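This report concerns only the one structure given below.
Where a number appears in this text, it was derived from the coordinates with a stated rule and is not lab data. As the structure is a computational prediction, the values presented were derived from the model and not from experiment. Cβ coordinates were reconstructed from backbone atoms using ideal geometry, including for glycine residues, and neighbour counts include every protein chain displayed.
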Amino acid sequence: MGRTRYAALAALALVLALTSCSPRSHRSPAAKEAFVNSADRICADHLQAVLDWLGQPKPGSNYQQLATQDEGIFRIMSTSISGLEGLGRAPDPSGDAFRGYVKTLKARASLYRLAGVAEAHRDAVFAVQMQRRVDQIDALGDGYAHGYGLRICGIGARDATKGLGA
């Protein structure tokens, strides 16, 4: 009788676990709101880190300063991307928009890394081309972020500092 009881409890625990992970619960408005809040906290930390980094003086020539700045932004973005990916699968509806946003962040991070290498090698033309691509991808990524319902993710440092004289 003891084994039957434990088997019944195990079956009940399995049913409860599967029910709590079901697609239906993954679609609840509360689950999405909690996800959005967590993602926006990561993005708020990201914006603050970028603003702090940009406010720090960088030693060296102009090229070295720009290379250091781009590398720092790459590192900040990598940390933010890891945090966003660590949240798990974005609840529906519009989960694809969140995944699109994260993909654009990865592309932007790569472009910052390439721009930093170009600056370190004094290739201003290539660095400017990479910055133009960042700007283009920013617009796409911002659209994905807003499409998912994110409030802080999808705004850039320029937008975040409007009205502050920055």
Note to self: Run the simple label-point estimate for Gln65 and Gln136 please: 7 Å along Cα→C-beta, distance reported in nm.
What the structure shows: 2.9
Next item on the list: For segment 41-46, take each phi angle, set θ = phi - 60°, evaluate the Karplus expression 6.51 cos²θ - 1.76 cosθ + 1.60, and give the result in whole Hz per residue in order, putting x for glycine and proline.
Entry: 5, 4, 5, 5, 4, 4
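Extension gain Val128-Asn37, at 0.36 nm per residue separation less the Cα-Cα distance, in nm? Walk me through the numbers before you get to the answer.
Working: separation 91, 0.36 × 91 = 32.76 nm, distance 3.44 nm.
Extending this stretch completely gives an extra 29.3 nm.
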Check: Got a sec? Charge dipole of segment 28-160, +1 on Cβ for Lys and Arg, -1 for Asp and Glu; which of Cys43, His121, Gln65 is way out at the positive end?
Finding: His121
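Given a Förster radius of 25 Å and the C-beta distance between Trp53 and Asp92 as r, what FRET efficiency does 1/(1 + (r/R0)^6) yield to the nearest 0.05? Mind showing how you got there, number by number?
Working: r = 35 Å, r/R0 = 1.38.
According to the calculation, E is roughly 0.15.
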Next item on the list: Tell me which residues come under 5 Å, amide H to amide H, from Gly149 once H is placed; ignore anything under 5 positions away on its chain.
Entry: none
